[in-house]
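Taking it in order: structure first as structure tokens, then the write-up.
The values are calculated or read from the model by the stated rules, or taken from the named source; none is laboratory data. These figures come from a predicted structure and were not determined experimentally. Quick reminder, even Gly has a Cβ in these numbers, built from the backbone with ideal geometry, and neighbours come from all protein chains shown.
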Amino acid sequence: MLEKGISEGMSGNAIQRVLIEAGMGYTRQDMQADIRRITGRRLYEEPIGRLSPTSFVPVHMVEELPYNMTTNYWYRVKAVYLDPETGAKAERYFIRGSDDWLKPSQAIEELIDNVPIAGYEGAMELQDVSAIGVSHKSGAAYSR
């Protein structure tokens, strides 16, 4: 029912009203998490993009992942490319693992230093790189 509502462009509030009218219980928090999962969005993605790149992401904005990660942190980064001939843009998303709690600017530097993102889209030019999220291994200690 949730997937159908999303595919029809319904808001979370509208979907919840329909579920309540049908006599179904669904906590708002669980529903929002499912909407993010279905639509491919991540928790805190937009607010992290608005943080200063030189400050640490606050712990309450770090997404805890319950499964086995190979590193303590995963940093999600968005790269924007521009085709100089056509003006077409392309977005690509990268994940960089680290055992250290990095500032967004440090995570971007790590990615650029270790992954050939500049040439990832061939002739397209890399226009912008921004940190959009950080995940932490559930149960692991936070460390800087």
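Contact list please: Cβ distance under 7 Å, first residue in the stretch 94-120 and aromatic (Phe, Trp, Tyr), second residue in a helix (DSSP H, G or I), pairs at least six apart or on different chains.
Qualifying pairs under 7 Å: Phe94/Leu111.
If you take the residues in the stretch 56-88 that are hydroxyl-bearing (Ser, Thr, Tyr) and either modelled with pLDDT under 80 or in contact with a Lys or Arg (Cβ under 6 Å, 6 or more places away or on another chain) (or both), which one is nearest to Ala140 (Cα to Cα)? Spell out how you get there, then give the answer.
The first filter runs over the stretch 56-88 and keeps only residues hydroxyl-bearing (Ser, Thr, Tyr), leaving 67, 70-71, 73, 75, 81, 86.
Remaining after also requiring either modelled with pLDDT under 80 or in contact with a Lys or Arg (Cβ under 6 Å, 6 or more places away or on another chain) (or both): 67, 75.
On the way: Tyr67: 11, Tyr75: 16 Å.
Taking the candidates together, the pick is Tyr67.
For Ile38, work out the one condition from (1) within 23 Å of Ala141 (Cα to Cα); (2) modelled with pLDDT under 85 it doesn't fulfil.
Result: Ile38 fails condition (1) only.
Looking at the structure I just gave you, is Glu91 at pLDDT below 80 and outside any loop (DSSP other than H, G, I, E, B)? Step through it out loud before you land on a result.
On the way: at pLDDT below 80: no; outside any loop (DSSP other than H, G, I, E, B): yes.
No, not satisfied.
Which residue out of Ala118, Ala107 is at pLDDT 80 or above, farther than 22 Å from Ala33 by Cβ and not in a helix (DSSP H, G or I)?
So the residue among Ala118, Ala107 that is at pLDDT 80 or above, farther than 22 Å from Ala33 by Cβ and not in a helix (DSSP H, G or I) is Ala118.
Select from the stretch 85-144 the residues that are under 22 Å from Thr70 (Cα atoms) and of a type in the set (Phe, Trp, Tyr) and write down the one among them that is surrounded by the most Cβ atoms within 10 Å (Cβ to Cβ).
Step by step, filter the stretch 85-144, then rank; the result is Trp101.
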